[in-house]
1. I'd like the full set of residues that are basic (Lys, Arg) and either open to solvent by less than 60 Å² (accessible area, probe 1.4 Å) or more than 11 Å from residue 23 (Cα to Cα) (or both), limited to the stretch 39-63.
2. Hey, could you check the stretch 38-63 for residues that are touching a Gly at 6+ places or on another chain (Cβ under 6 Å) and among the charged types (D, E, K, R) and say which is farthest from residue 26 (Cα to Cα)?
3. So, of the residues in the stretch 8-31 that are surrounded by fewer than 13 Cβ atoms within 10 Å (Cβ to Cβ) and hydroxyl-bearing (Ser, Thr, Tyr), which turns out to be modelled with the highest pLDDT?
Amino acid sequence: MVAWSEPASRKEQTMEYKTGDKPGEGAYRCKHCGYVVRLASDKEALPACPNCGHHEFEKVKGD
């Protein structure tokens, strides 16, 4: 028998984040230019992209 669980929230499924979010330690890629921002702690908020100034990021898988 297969057990089903509740689906994860939309943010967890897409792993998309915006400037000001505190998504946790790891690497986040700007969806506009590809620049990677690294956060060292759960207390850090994502900045605007230092390369292009955009505000949307995706979690880098495996990081």
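The values are calculated or read from the model by the stated rules, or taken from the named source; none is laboratory data. Since the model is a prediction, treat every value here as computed from it, not as a measurement. FYI the Cβ positions are ideal-geometry reconstructions off the backbone, even for glycines, and counts take in every protein chain you see. Just the protein is used for accessible areas: all its heavy atoms, side chains included, with ligands, DNA and RNA removed. Shrake-Rupley method; radii C 1.70, N 1.55, O 1.52, S 1.80 Å.
1. The answer is 59, 61.
2. Of everything passing the filter in the stretch 38-63, 42 is farthest from residue 26 (Cα to Cα).
3. Out of the qualifying residues, it is 14.
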